[in-house]
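Peer 1: The structure follows.
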Amino acid sequence: MIKFLDLQKINLVHQDEIENKLLEVFRSGWYLLGNEVKNFEDNLAKYIGSTHAIGVANGLDALRLILRAYIENGVMQKGDEIIVPANTYIASILAISDNGLVPVLVEPTLDTYNIDVSEIEQKITPKTKGILIVHLYGRAVWSEELQKIATNNGLKIIEDNAQSIGASWNGIKTGNIGDAAGFSFYPGKNLGALGDAGAVTTNDENLANTIRAVANYGSTEKYVNLYQGLNSRLDEIQAAVLSVKIKYIDSENMRRKEIAEMYLSGIKNPKIVLPESPQNKNEHVWHLFVIRSSEREELQKYLAEKDIQTLIHYPIPPHQQKAYKALNDLTFPITEKIHAEVLSLPISPVLDDQEISTIIAALNDF
Ligand SMILES: *Cc1c(COP(=O)(O)O)cnc(C)c1O
């Protein structure tokens, strides 16, 4: 059986280092907002190149907190609009609506699965305050045009970097190209904790201070509350694990890239559309390797019979979810086509060449 993602195997690669750290935190008696969180925040900021990194409870909270802090700082207010790609994972959209902001969906392009920048300007209204870009599947989305649209319209660019730690555009890491970025360290992400974890990176000190306070009951000083905050802190134990694993993120992303290249050159079947291999400026970290087929259901069943696990990211677009009834009447043909046809192949740093060859051979026989 070739598993879609073997988390046990992924983490056992670092068994000794992780077990030592777990024991150290356990014995220290200090479990929240201590040295491990501080250390991981420094490691992350250094890796991304940002001046601030703030550990939080999960990726959804990272995005919620960025928008919430913009509201607390008077940069945005309830009812303002945030542009977001229609085919993103629902968390990006939840972060917007949870803050009383209005998500305005924009189609992606079929070759990148990222937001179609040429569609953004026509969605801008006097209420638009930001663009939430999503580096989906590990592929950076950025362009001079996007920067120009944001600058000309006074919009904040918020990055959903949950799937793309290590990716870059023109040498700048995702997480450091917009105004603020949210990260997820959910166990299945490229940098995964042993439970929920997340972070925000930014170069905006004011924003960073507000996020830190809001995430800790709205307080900078114990029992003194500046905001009606929430409790969204990164655990010491997760921070300690992440400080071990961040040392290996580049080599693990490199292995993902090797596997992606094997798929791209090996899969030759007219029934299968491969993802575009990004060129020059764009460093892709292949969180997911997503193919498309008009016979997606048959293909998934066929692979399952050959003991190859695949997943669908994602089966139902956000605008068709019951959670967003107000969006249900809208149509996004490209987004809907993507949701009907995509299939994610196994890609993880612990897969060996033999397994990849088996998958390629199976796909070519379909
Ligand atoms: C995983 C993910 C999130 C949410 O992260 P959690 O840590 O699960 O809350 C947000 N956006 C995208 C694109 C994701 O893939």
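Peer 1: Let's test the formula: R0 of 35 Å, r as the Cβ-Cβ distance of D352 and T51. What FRET efficiency results, to the nearest 0.05? It would help to have the intermediate numbers written out before the result.
Peer 2: Working: r = 40 Å, r/R0 = 1.14.
So, using R0 = 35 Å, E works out to roughly 0.30.
Peer 1: Lys/Arg Cβ at +1, Asp/Glu Cβ at -1, dipole of the range 19-128 taken about the Cα centre: which of I66, G34, I124 is farthest positive-ward?
Peer 2: In the range 19-128, that residue is G34.
Peer 1: For the range 132-289, count all C-alpha to C-alpha pairs, find those more than 20 Å apart, and express that count as a whole percent of the total.
Peer 2: Details: 7224 of 12403 pairs.
Result: 58 percent of Cα pairs exceed 20 Å.
Peer 1: Taking a 27 Å limit on the Cα-Cα distance, which of the listed pairs K78/K123; K247/K301; K127/K148; K9/K322 fall beyond it?
Peer 2: Values: K78/K123 18 Å; K247/K301 38 Å; K127/K148 18 Å; K9/K322 36 Å.
Pairs exceeding the cut-off: K247/K301; K9/K322.
Peer 1: Per DSSP H run of n ≥ 4, the term is -39500 (n - 2.57); total these for the chain, divide by its residue number, and report the mean residue ellipticity at 222 nm rounded to 500 deg cm²/dmol.
Peer 2: Result for the chain: -11500 deg cm²/dmol, rounded to the nearest 500.
Peer 1: Output wanted: per-residue J couplings in Hz (rounded whole) for the range 246-259, from phi through Karplus 6.51 cos²θ - 1.76 cosθ + 1.60, θ = phi - 60°, x for Gly and Pro.
Peer 2: 5, 5, 9, 4, 5, 5, 5, 5, 4, 5, 4, 5, 4, 5
Peer 1: Hey, got the dipole for the chain? About the Cα centre, +1 on K and R Cβ, -1 on D and E Cβ, debye to the nearest 20?
Peer 2: Values: 35 positive and 47 negative charges, 105 e Å.
Using Cβ point charges on Lys, Arg, Asp and Glu, the chain gives about 500 debye.
Peer 1: Ok, one more. Put +1 on the Cβ of every Lys and Arg and -1 on every Asp and Glu Cβ in the range 239-366; which of F332, I356, G266 then has its Cα farthest towards the positive end of the dipole?
Peer 2: F332
Peer 1: Which ³J(HN,Hα) values in Hz, rounded to whole numbers, follow from the phi angles of the range 303-310 under the Karplus curve 6.51 cos²θ - 1.76 cosθ + 1.60, where θ = phi - 60° and Gly and Pro get x?
Peer 2: Using θ = phi - 60°, the values come out as 5, 4, 5, 8, 6, 10, 7, 10 Hz.
Peer 1: Give me the number: length gained by fully extending S118 to D42, i.e. 0.36 nm times residue separation minus the C-alpha to C-alpha distance, one decimal in nm.
Peer 2: Values: separation 76, 0.36 × 76 = 27.36 nm, distance 3.66 nm.
Result: 23.7 nm gained on full extension.
Peer 1: Apply the Debye scattering formula to the range 305-359, with a single equal point scatterer on each alpha-carbon and no solvent, then give log10 I(q)/I(0) at q = 0.29 Å⁻¹.
Peer 2: -1.15
Peer 1: Return the Cα extents of the range 57-99 along principal axes one, two and three, sorted largest first, each rounded to a whole Å.
Peer 2: Sorted from largest, the Cα extents of the range 57-99 read 29, 25, 12 Å.
Peer 1: Could you give log10 I(q)/I(0) at q = 0.06, 0.12, 0.14, 0.15 Å⁻¹ for the chain, computed by the Debye formula over C-alpha point scatterers of equal weight, without solvent?
Peer 2: Summing over Cα pairs of the chain leads to -0.22, -0.90, -1.21, -1.35.
Peer 1: Highest mean first, what order results for 17-23, 215-221 on Cβ atoms within 10 Å?
Peer 2: Working: 17-23: 14.6, 215-221: 17.1.
Put in order of decreasing packing, that is 215-221, 17-23.
Peer 1: Taking N as the number of residues in the range 199-259, what is its alpha-carbon radius of gyration divided by 2.2 N^0.38 Å?
Peer 2: Values: Rg = 16.4 Å, N = 61, 2.2 N^0.38 = 10.5 Å.
Normalised Rg, Cα atoms only: 1.56.
Peer 1: Let me ask another. Only Lys, Arg, Asp and Glu count, each charged at its Cβ (+1, +1, -1, -1), so figure out the dipole size of the range 265-366 about its Cα centre, rounded to 20 debye.
Peer 2: Numbers: 10 positive and 14 negative charges, 81 e Å.
Roughly 380 debye, rounded to the nearest 20.
Peer 1: Now for a separate question. Rounded to two decimals, what ratio of Rg to Rh does the range 250-329 give with C-alpha atoms and a Kirkwood Rh?
Peer 2: On the way: Rg = 15.9 Å, Rh = 15.2 Å.
Expressed as Rg/Rh, it is 1.05.
Peer 1: Between the range 6-28 and the range 229-285, how many Å separate their Cα centres?
Peer 2: 21
Peer 1: Quick one: work out the % antiparallel among DSSP beta bridges in the chain, nearest 5. Each step should come with its number before you reach the end.
Peer 2: Values: 25 of 42 bridges.
Of those bridges, close to 60 percent are antiparallel.
Peer 1: Another question, then. Output the peptides 261-270, 150-159 sorted from most to least packed, where packing is the average of other Cβ atoms within 10 Å over each peptide's residues.
Peer 2: Numbers: 261-270: 13.9, 150-159: 18.1.
Sorting 261-270, 150-159 by mean packing, highest first, produces 150-159, 261-270.
Peer 1: So for the pair L226, N20, with labels modelled 7 Å out along Cα→Cβ, what separation do we get in nm?
Peer 2: Distance between label points: 3.9 nm.
Peer 1: Provide the per residue accessible area, probe 1.4 Å, for the chain, rounded to a whole number of square angstrom. Kindly include the intermediate steps, with their values, before the conclusion.
Peer 2: Details: 16080 Å² over 366 residues.
So the chain comes to 44 Å² accessible per residue, rounded to a whole number.
Peer 1: Round to a whole number: what % of the accessible area of the chain belongs to carbon and sulfur, probe 1.4 Å?
Peer 2: Details: 8070 of 16080 Å².
The computed percentage sits at 50.
Peer 1: Sticking with this structure for a sec: Using θ = phi - 60° and the Karplus form 6.51 cos²θ - 1.76 cosθ + 1.60, what ³J(HN,Hα) does each residue of the range 144-150 get, whole Hz, x for Gly and Pro?
Peer 2: Rounded to whole hertz, the list is 4, 4, 4, 4, 5, 4, 5.
Peer 1: Order the peptides 178-188, 314-324, 86-96 from the highest to the lowest mean number of other Cβ atoms within 10 Å of their residues. List each step's numbers first, then the result.
Peer 2: On the way: 178-188: 25.1, 314-324: 15.5, 86-96: 22.8.
For the peptides 178-188, 314-324, 86-96, the packing ranking is 178-188, 86-96, 314-324.
Peer 1: Let me ask another. Determine the sum of side-chain charges near T151: Lys and Arg each +1, Asp and Glu each -1, restricted to other residues whose C-beta is under 13 angstrom from that of T151. Each step should come with its number before you reach the end.
Peer 2: On the way: positive: K148, K156; negative: E121, E144, E145, D179.
Here the charged neighbours net out to -2.
The values are calculated or read from the model by the stated rules, or taken from the named source; none is laboratory data. All figures in this text were calculated on a predicted structure; none of them were measured in a lab. Reconstructed Cβ throughout: ideal geometry from the backbone, glycine too, with neighbour counts over all protein chains shown. Only protein heavy atoms, including side chains, enter the accessible area calculation; ligands, DNA and RNA are left aside. Shrake-Rupley method; radii C 1.70, N 1.55, O 1.52, S 1.80 Å.
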